[in-house]
Amino acid sequence: MTPREKAILELVRLSEEEQRIADEAEKHGESGKGKRKIFQKYMIKDIVFLAIITCCTLVTGAIMPLLVNVPLFGIIQLGLGLQFSLFPVIGMMKVKKPFALLLQSMFISIFLVFMFPPMVLLIACALVAELLTLLIFRGYKNDWACVFAGTLYMPLTLPLLYMYYNVFYTVSGEEKAAVSMFIGGGNVGLTVGISFAVIAVCFVGSVIGMVIARELKKAGKLK
């Protein structure tokens with residue numbers, strides 16, 4: 001066995017030992033203070049699971065290259081809202097620790113930034129959604145906290161994207177409101193309507209994600 005394989009086995013052993021100790025402490029009621037802690041340590045298996053669930057999000061979001069060319073503001077969020085809320089919620093239901101959504105966003109942005117640079121804003125949106133969730137729910141023990149964060153995640157990109165097109169992005173070098181190149185870009189009613197549609201789609205996706213995660217837990221597939 002090579003030194004590298006030994007190191008990997010040792011890391012796995014330490015992770016399993018840490019989880020065993022935590023489970024035993026919880027069973028015997030010795031983790032009263034630990035239960036009240038909002039911030040918890042991440043284990044290797046947590047990060048691996050979040051990376052896998054991120055792959056599911058990316059695979060189901062393969063339609064994005066087609067949506068980028070549709071000149072309708074918010075069409076990307078509307079097209080990706082379901083899967084970009086469903087899978088992240090499953091991830092948070094499994095890894096009920098702060099910044100689980102942020103980690104998923106970082107993994108997602110690494111790939112999507114090459115297709116559509118503004119998608120890096122997902123990281124900022126995940127951070128805001130997590131902070132609001134922690135402020136309101138004080139953690140992810142409540143399943144609806146995961147739904148709340150998942151519902152806010154994609155819709156939060158809309159105001160940032162609007163600002164991006166109005167402040168940083170130009171069409172001719174002199175254009176001050178590049179968002180006008182979208183269909184109905186100057187129509188406030190249409191923009192608000194799209195925003196509510198995105199929120200509705202993300203809420204549905206988040207609830208579906210919560211239901212799927214609960215069923216997987218009952219079946220013993222999501223411990």
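The values are calculated or read from the model by the stated rules, or taken from the named source; none is laboratory data. Everything numeric here is computed off the predicted structure, so don't read it as measured data. With ideal geometry, Cβ positions are generated from the backbone for all residues, glycine too; neighbour counts draw on all protein chains shown. All accessible areas refer to the heavy atoms of the entire protein, side chains included, with ligands and DNA or RNA removed. Shrake-Rupley method; radii C 1.70, N 1.55, O 1.52, S 1.80 Å.
The phi torsions of region 198-213, fed into the Karplus equation with coefficients 6.51, -1.76 and 1.60 and a -60° offset, translate into couplings of 5, 4, 5, 4, 5, 5, 4, x, 5, 5, 4, x, 5, 5, 4, 4 Hz, rounded to whole numbers, with Gly and Pro shown as x.
By a 1.4 Å probe calculation restricted to protein chains, Thr191 has an accessible surface near 30 Å², given to the nearest 10. The stretch between Val113 and Leu127 holds 3.3 nm of extra length on full extension. This uses 0.36 nm per residue minus the Cα-Cα distance.
Once R0 is set to 41 Å, what does the formula 1/(1 + (r/R0)^6) return for the Cβ-Cβ distance between Tyr164 and Asn142, expressed as a FRET efficiency to the nearest 0.05? My answer for the efficiency is 0.80.
Would you tally the net charge around Val211, using a Cβ to Cβ cut-off of less than 13 Å, leaving Val211 out, and scoring K and R as +1, D and E as -1? Present the calculation step by step, with values, prior to reporting the outcome.
Details: positive: Arg214, Lys217, Lys218; negative: Asp143, Glu215.
Result for the neighbourhood of Val211: +1.
With R₀ fixed at 45 Å, the C-beta to C-beta distance from Ala219 to Val70 puts the FRET efficiency at about 0.70. The convex hull drawn around the Cα atoms of region 45-162, when projected onto a plane and averaged over every direction, covers 6.4 nm².
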